[in-house]
1. Take the alpha carbon atoms of region B:2-136, find their radius of gyration, then divide it by 2.2 N^0.38 Å using N residues; give the quotient.
2. Arranged by the count of other C-beta atoms within 10 angstrom, fewest first, what order do A:239, A:208 take?
3. Are any of the pairs A:30/A:271; B:43/B:109; A:20/A:164 more than 23 Å apart by Cα-Cα distance, and if so, which?
4. Can you find, among A:265, A:282, A:216, the residue farthest towards the positive end of the dipole of region A:210-335? Put +1 on the C-beta of Lys and Arg, -1 on that of Asp and Glu.
5. I need the fraction of alpha carbon pairs in the protein assembly as shown separated by more than 38 Å, rounded to a whole percent.
6. Within chain A, which is the longest segment containing none of the GluC sites (Glu not before Pro) that sit in a DSSP loop and have at most 14 other Cβ atoms within 10 Å?
7. Take the Cα pairs of region A:210-335, get the Kirkwood Rh, then feed it into Stokes-Einstein at 37 °C and 0.692 mPa s and tell me D in µm²/s.
8. When A:103, A:270 are ordered from fewest to most other Cβ atoms inside 10 Å of their Cβ, what list results?
Amino acid sequence: MYGGDEVSAIVIDLGSHTCKAGYAGEDAPKAVFPSVVGAMDQMEIDDPESTENNSGSGVDSKNNVRNLDSDKKKGKCKLYVGTQALGYRRDHMEILSPLKDGIVLDWDIVDSIWDHAFRECLLIETKEHPMLLAEPSSNTQQQRERTAELMFEKYKVPALFLAKNAVLTSFASGRATSLVVDSGGGSTTVAPVHDGYVLQKAVATSPIGGELLTDCLLKSLESKGLTIKPRYSFKRKEIRSGEFQTVDLDFPNTTESYKLYCQRIIASDIKECVCRAPDTPYDEKSYSNIPMTPYELPDGQTIEIGADRFKVPDVLFNPSLVQTIPGMESFADIAPSVRGLPQMVIESINKCDVDIRRELFSSILVNLLAVQSSMQQLKERLEKDLLEESPQTARVKVLASGNATERRFSVWIGGSILASLGSFQQMWFSKTEYEEHGASYIQRKCP
Amino acid sequence: MANAASGMAVHDDCKLRFMELKAKRSYRFILFKIEKQQVVVDKLGLPTESYDDFTASFPVDECRYAVYDFDYITDENCQKSKIFFIAWSPDTSKVRMKMVYASSKDRFKRELDGIQLELQATDPSEMSLDIVKERAF
């Protein structure tokens, strides 16, 4: 048992798109930054031109990370973490993500992200704060033990807890039983939660998330001859009042991944501004005459977006649409196995015990951050599609939190409240327990 | 133990009153609330009170747990009763309260031995008499 509730715990939700970190008990996370990092070979760093501009946010993984992986190649990289460090273009800097489908692939990058959250954003001594981490439902035993090792050995935390994303979202909406439909940056997950347990066998996932939709929009615009210039690639100045001139800049050493990272930021904003979920399945014919919506790009160029406004969000319901977008051919390999949202929901519920299906149908909690601005329409569309496809006896009820902050940070908020409860202090996996029983004890403490 | 359970304690009085409802049928219903990090009895309903009296006892913007002893007559004209557990978590209540009640429910329900059916309600329609009847039969 960890008895110190006088120091507040730290809550971290490392999603595939953004990392949310902050103090337990607060309403929203203090730090929100991208879950990707910029990586540069140590060799390039020696290049005098780029050393000048190294900002303080860079984390030298070679010195700071106790390399559990002993991955020699990665050990020679300098990693840049945080919105500011990533906003600065550097020659040869590659953008890397530590996660795939929510699961950690690269621990050095995760470590650098945690480190950034603790030292640069929250400015805390990790050995003084219990740590609650949100984890994906599909996290393996190995991943969880690895997390415990890193937290106790490297960060010397006094106590740790791993809470499942879906459970936190469900609890924060007042339900111990629900079907949590979470469409985030990198993927969409449908997870049934029953009495606070995730029913692992019935969890459904698909790689369709906000990022894929952003890419669809980006490629579709490119196929129409519209290029989105990354912010670093031009300078814009006012030559006379109200009159601007754009001068293109050339940086031949910029990596493709960094260019894409910058284009995605813009494309994602276009998506949030103009995209709307259609009421009925999208088809090319009926949307061909849809009025165009203008959008002004950062370089001053105004583009017009028509059918894509509706086509892109519809991908969530009908993934095969992706294949009709030029430049998205790579998706074809996985396309046959990917289901649309309503099918995922029904498949997941059908894998659960018959006794609880009815209850799951009546509390479907959606958190569709893939297109945040069109959440309400997406919710209504899902409800409509499910009514058509679910058994007659089921009372289908799709719910979404009305408050945008609560939606965006539902997992983090759930963790924040839980970790701040006086009664929860006895639930932590403490350092003493770790030393006594080892990392595998996490399975007992945080089932 | 469920993942991310709150560790909330349960006051002995809850179990005692529940036993009285179950064995002696001294009450029609019991409302419970969480106060000072434990679950305590909030309100007791007399055996003569109706389902409407029961639903009217819930606060509109606060969470509660409740048990209700539901009497009904089967198609074979047989008098029966079932004990319902209801988790009331209105949409209008604060997130903190929803989180506390949802994360404490599993543990609390286990303390009450003899619950036959369970409902979770976020608005009155989800615990209407029709739904209770439908579930009981």
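Every number in this text was worked out from the coordinates using simple rules, so none of it is lab data. A quick note: this is a predicted structure, and the numbers were derived from the prediction, not measured. FYI the Cβ positions are ideal-geometry reconstructions off the backbone, even for glycines, and counts take in every protein chain you see.
1. Dividing the Cα Rg of region B:2-136 by 2.2 N^0.38 Å gives 1.02.
2. A:239, A:208
3. Over 23 Å apart, Cα to Cα: A:30/A:271.
4. So the residue furthest toward the plus end is A:265.
5. 38 percent
6. A:285-447
7. In µm²/s, the coefficient rounds to 207.
8. If I rank by nearby Cβ atoms, fewest first, I get A:103, A:270.
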